[in-house]
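Peer 1: Structure incoming, see below.
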Amino acid sequence: MPDVTKDQVIERLRGVAGPDGTSDVISLGLVSDVLVSDGKVMFSITVPAEQAASLEPLRAAADAAVREIPGVESAMVVLTAEKKGGGPPTGAARQPPGSRFTGPDPRGEPPSRGKAGIPGVDAIIAVASGKGGVGKSTTAVNLALAFQANGLKAGILDADIYGPSLPRLLNLRDQKPEIVGGRTLKPLRAYDVEAMSIGFLVEEETPMIWRGPMVISALNQMMREVQWGSLDVMVVDMPPGTGDAQLTMAQQVPLAGAVIVSTPQDLALIDARKGLAMFQRVDVPVLGIVENMSYFLCPHCGERTDIFSHGGARDEAQLLGVPFLGEVPLDLEIRLTSDAGTPIVAADPDSPYAIAYRDIATRAWEGVERERSEGGRPPPRIVIEE
Ligand code: ADP
């Protein structure tokens with residue numbers, strides 16, 4: 001079979017009409033990030049944000065066109081769009097008529113037990129937050145490294161497809177995953193942890209709008225068409241928020257449990273509560289809450305300051321009857337290492353921060369084991385008969 005070339009892909013896409021119905025997607029300059037390797041083709045099509053929801057047929061047509069090229073075994077085509085404002089589009093998980101997505105209705109059917117797992121992966125743990133900017137991704141990455149430091153084989157999947165941050169957090173910005181066997185992607189590796197992110201496939205700066213079905217198909221590909229090694233635990237960095245898209249993902253991914261990241265402010269806790277309710281609704285055990293940016297430890301005098309009335313998450317966890325997994329201080333070192341792609345658990349494994357993350361990982365793993373042994377049921381009550 002001849003090797004498929006990028007030029008062949010581009011040539012073929014000249015036959016695919018753009019959103020205006022007259023010019024083709026190549027002439028309109030909409031196609032980018034074309035990656036061809038071993039018969040596997042990946043590229044993105046930029047579309048107007050307001051049309052993102054109605055352009056699945058365009059994506060499907062481009063997908064079908066490249067699959068007709070002799071030698072193409074599979075294709076991954078994503079729609080990207082200018083994002084207006086922050087956060088995911090509203091109604092992202094709503095299914096349009098004629099959608100090829102056949103998964104459960106995110107708001108209808110009760111969650112299905114027995115979702116297909118990922119071969120070789122023992123437990124999948126979601127790291128979620130009610131809103132953005134609370135340090136969810138930083139926590140997810142350090143947690144994955146902490147699991148690894150605790151002796152578990154760990155991987156991390158960046159499912160935050162609205163704003164993938166793993167390329168930056170693990171300093172993998174210039175690397176693309178290798179394609180193996182024409183069918184699957186090889187995860188990248190950093191600090192001995194396997195990592196996969198949509199950000200490895202499209203430019204990190206490209207803002208993206210995804211419809212629910214696209215989210216699910218991209219996520220499924222990242223879970224199932226990636227050659228994950230044998231892992232004890234896979235940490236999934238979820239997109240922020242608790243909308244339909246997140247709910248759908250919580251339903252689709254066979255999760256062993258969820259970790260909720262929150263800052264101590266009340267507002268964030270209200271959001272965290274929504275996150276909690278979302279996982280409970282889809283029957284995913286909440287392993288606990290992490291309080292991030294909990295307090296400030298002065299690097300000069302060592303004095304501790306509770307900037308955001310620290311302790312809110314611990315009280316809230318108790319009130320809600322979920323475990324409190326631990327607190328991580330607000331610290332410049334955490335921000336600097338995180339933004340430099342050298343997370344603190346790897347960069348300074350003996351620091352108090354690395355130890356805090358490892359303790360959180362220990363408690364989260366205890367939660368997974370507890371859920372497994374008890375099947376998620378509350379412990380039996382002792383009834384004293386008179
Ligand atoms: P999210 O995933 O919730 O949007 P990020 O993990 O991207 O949040 O964190 C947002 C910013 O806050 C980043 O610049 C990160 O380095 C910083 N950050 C996260 N946690 C801490 C912390 N404990 N101390 C200091 N900076 C932090």
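The values are calculated or read from the model by the stated rules, or taken from the named source; none is laboratory data. Note that the structure is a prediction, hence the values are computed from the model and not measured. Cβ sites come from the backbone with ideal geometry, for glycine too, and all protein chains shown count toward neighbours. Ligands, DNA and RNA are excluded from the accessible area calculation, which covers all protein heavy atoms including side chains. Shrake-Rupley method; radii C 1.70, N 1.55, O 1.52, S 1.80 Å.
Peer 1: Every residue in segment 334-374 that is open to solvent by 90 Å² or more (accessible area, probe 1.4 Å), more than 21 Å from the chain's Cα centre (by Cα) and under 22 Å from Asn171 (Cα atoms), please.
Peer 2: The one that is open to solvent by 90 Å² or more (accessible area, probe 1.4 Å), more than 21 Å from the chain's Cα centre (by Cα) and under 22 Å from Asn171 (Cα atoms): Asp350.
Peer 1: Further, regarding this structure: So Ala52 ticks every box in (1) surrounded by fewer than 16 Cβ atoms within 10 Å (Cβ to Cβ); (2) modelled with pLDDT under 90 but one. Which box is left unticked?
Peer 2: For Ala52, the failing item is (1).
Peer 1: Another question about this same structure. Could we say that Ala17 is open to solvent by less than 20 Å² (accessible area, probe 1.4 Å) and in contact with a helix residue (DSSP H, G or I) (Cβ under 8 Å, 6 or more places away or on another chain) here?
Peer 2: Here the answer is no, as Ala17 does not meet what is asked.
Peer 1: (1) modelled with pLDDT of 90 or more; (2) open to solvent by 20 Å² or more (accessible area, probe 1.4 Å): which one isn't true of Arg183, the others all being true?
Peer 2: Against the list (1) modelled with pLDDT of 90 or more; (2) open to solvent by 20 Å² or more (accessible area, probe 1.4 Å), Arg183 comes up short only on (1).
Peer 1: Name the single residue that is surrounded by the fewest Cβ atoms within 10 Å (Cβ to Cβ) among those in segment 278-305 being among the aliphatic types (A, V, I, L, M) and within 13 Å of the ligand (Cβ to nearest atom).
Peer 2: Going through the qualifying residues, I end up with Leu297.
Peer 1: I'm trying to understand the selection: among the residues of segment 134-146, which are open to solvent by 10 Å² or more (accessible area, probe 1.4 Å) and either away from the ligand (no atom under 11 Å from the Cβ) or not in a helix (DSSP H, G or I) (or both)?
Peer 2: Of everything in segment 134-146, those that are open to solvent by 10 Å² or more (accessible area, probe 1.4 Å) and either away from the ligand (no atom under 11 Å from the Cβ) or not in a helix (DSSP H, G or I) (or both) turn out to be Gly135, Leu145.
Peer 1: For segment 320-349, how many residues are closer than 26 Å to Val368 by Cβ and out of contact with any helix residue (DSSP H, G or I) (no Cβ under 9 Å at 6 or more places or on another chain)?
Peer 2: 1
Peer 1: On to the next question. Of everything in segment 334-370 that's over 16 Å from Asp232 (Cα atoms) and among the polar types (S, T, N, Q), which residue is nearest to the ligand (Cβ to nearest atom)?
Peer 2: Ser338
Peer 1: So Lys131 clears everything in (1) open to solvent by 10 Å² or more (accessible area, probe 1.4 Å); (2) within 16 Å of the ligand (Cβ to nearest atom); (3) within 21 Å of Val259 (Cβ to Cβ); (4) modelled with pLDDT of 85 or more except one condition, right? Which one?
Peer 2: All conditions are met except number (4).
Peer 1: Another one. Look at Pro329 and say whether it is within 16 Å of the ligand (Cβ to nearest atom) and surrounded by fewer than 15 Cβ atoms within 10 Å (Cβ to Cβ).
Peer 2: So Pro329 does not fit the description; no.
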